[in-house]
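Here's the structure, in structure tokens; my notes come after.
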Amino acid sequence: MRTVHCTKLGREAEGLDSPPWPGELGEKIYNHISREAWKEWLGQQTILINEKNLSPINPEHKALLKAEMEKWLFGDS
């Protein structure tokens, strides 16, 4: 089992199996976010999609979700 010091949880936890997002951001998530925190984000993302009626295939909506994801995972939360 791979562990990371999870930025979101502030402790060591089980890491993800692979980067969940393309590029540099995906690597950052892979190296600094735990499986548990990622699962929490997916729940938060579902809430955002439903509340704001977003479509992940719409480029503007995808950019909004990316910004919210970065803020939620790495911001002061």
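The values are calculated or read from the model by the stated rules, or taken from the named source; none is laboratory data. Being a predicted model, the structure only gives us computed values, none of them experimental. All Cβ positions, even for glycine, are placed from backbone atoms using ideal geometry, and neighbour counts span all protein chains on display. These accessible areas exclude ligands, DNA and RNA; they are computed on the full protein's heavy atoms, side chains included. Shrake-Rupley method; radii C 1.70, N 1.55, O 1.52, S 1.80 Å.
Within the range 52-67, being in a helix (DSSP H, G or I) and surrounded by fewer than 14 Cβ atoms within 10 Å (Cβ to Cβ) holds for LYS52, PRO59, GLU60, LYS62, ALA63, LYS66, ALA67. Checking the range 23-41 against the condition returns a match, with at least one residue being assigned to a strand (DSSP E or B) and surrounded by 12 or more Cβ atoms within 10 Å (Cβ to Cβ).
For GLU70, are the conditions met, namely being of a type in the set (Asp, Glu), touching a residue at least 12 places away in the same chain (Cβ under 8 Å) and either part of a helix (DSSP H, G or I) or open to solvent by 80 Å² or more (accessible area, probe 1.4 Å) (or both)? So GLU70 fits the description; yes. Considering each residue of the range 12-21 in turn, at least one proves to be open to solvent by 60 Å² or more (accessible area, probe 1.4 Å), of a type in the set (Gly, Ala, Ser) and either within 13 Å of the chain's Cα centre (by Cα) or modelled with pLDDT under 95 (or both). In the condition set (1) assigned to a helix (DSSP H, G or I); (2) in contact with a helix residue (DSSP H, G or I) (Cβ under 8 Å, 6 or more places away or on another chain); (3) buried (at least 16 other Cβ atoms within 10 Å of the Cβ), ILE49 is compliant with all but (3).
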